[in-house]
């Protein structure tokens, strides 16, 4: 049942799909280091940019975080090869 403030379709949103950012700060694309605080900060920055690109969808905060985490970890693995 919908409230009087919602329309039946107001809760539907396009699915979130992370896409590469055209310009990413160097702090986000730098090789991963073993410092957990630095890794956390880099993931937070990348997640912010992903969320910003999507218009800050409130229901996608975890998806943005997990996508950023995968990107940062993938970059660290590639840098270590």
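Structure above, values below:
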quantity	calculated
Yes/no for residue 54 being within 11 Å of the chain's Cα centre (by Cα) and at pLDDT below 95	yes
Residues being outside any helix (DSSP H, G or I) and free of Cβ contacts under 8 Å to residues at least 40 places away in the same chain - total across the range 38-81	4
Test: residue in the range 3-20 that is surrounded by 12 or more Cβ atoms within 10 Å (Cβ to Cβ), in a helix (DSSP H, G or I) and at pLDDT below 65	no
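The values are calculated or read from the model by the stated rules, or taken from the named source; none is laboratory data. Bear in mind the structure is a predicted one, so any value in this text is a computation, not a measurement. Backbone-built Cβ (ideal geometry, glycine too); neighbour counts: all protein chains shown.
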